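Chemist: Could you have a look at this structure, given as structure tokens, before my questions?
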Amino acid sequence: MTPSAIAAKASGRLFGPIAAAVALGCVTAYTYLRNPFEPGAFPTCLLYASTGTYCPGCGGLRAVHQVLHGQIADAISLNALAILVVIPVTLVALGWWMGAAAGLDWRPPRLHPAVYWGAAALVLAFWVLRNIGPFAGYLAP
């Protein structure tokens, strides 16, 4: 294989991870710099605006903003589920980037379908509990 063919293969392998890292970096920087507690900083949740109920993502941007500023307890009080989702997403992204840099055709690990069903059940339970019942005061943003 010629050096130019090796470089072309490497650049093709690295394009996706680099593009994702740049996009994620821009979104993260914007979320860090923009205060989501100010009215109009981010769009209002359509579900909350139309029904007055919180979706599973309500408070997620504010929670990520708080994590980026080192306020972990405040972030968890805004949306614990969003913070729990950030951890595996970050690990998968790091694995993808390191695998691409090492020259591997990395793929995310295949999980048993029960994991996906369990995650869906967790999101549904979080959605319901943050709007009704005795947990509503604790889980609402």
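Chemist: Considering Ile18, Ile72, Ile87, which residue is at pLDDT 90 or above and not small (Gly, Ala, Ser)?
Modeler: Going through Ile18, Ile72, Ile87 in turn, the sole match is Ile72.
Chemist: Given (1) in contact with a Phe, Trp or Tyr (Cβ under 9 Å, 6 or more places away or on another chain); (2) small (Gly, Ala, Ser); (3) in contact (Cβ under 8 Å) with a residue 60 or more places away in the chain, where does Gly59 come up short, assuming only one miss?
Modeler: Every listed condition holds for Gly59 apart from (1).
Chemist: Among residues belonging to segment 36-78 that are in contact with a Pro (Cβ under 6 Å, 6 or more places away or on another chain) and closer than 11 Å to Pro141 by Cβ, point out the one that is surrounded by the fewest Cβ atoms within 10 Å (Cβ to Cβ).
Modeler: It comes out as Leu61.
Chemist: Just need a number here: residues in segment 128-141 that are of a type in the set (A, V, I, L, M, F, W, C) and in contact with a helix residue (DSSP H, G or I) (Cβ under 9 Å, 6 or more places away or on another chain).
Modeler: Final tally of qualifying residues: 4.
The values are calculated or read from the model by the stated rules, or taken from the named source; none is laboratory data. Please read all numbers here as calculations on a predicted model, not as lab measurements. In this analysis, Cβ positions are derived from the backbone assuming ideal geometry, glycine residues included, and neighbour counts consider all displayed protein chains.
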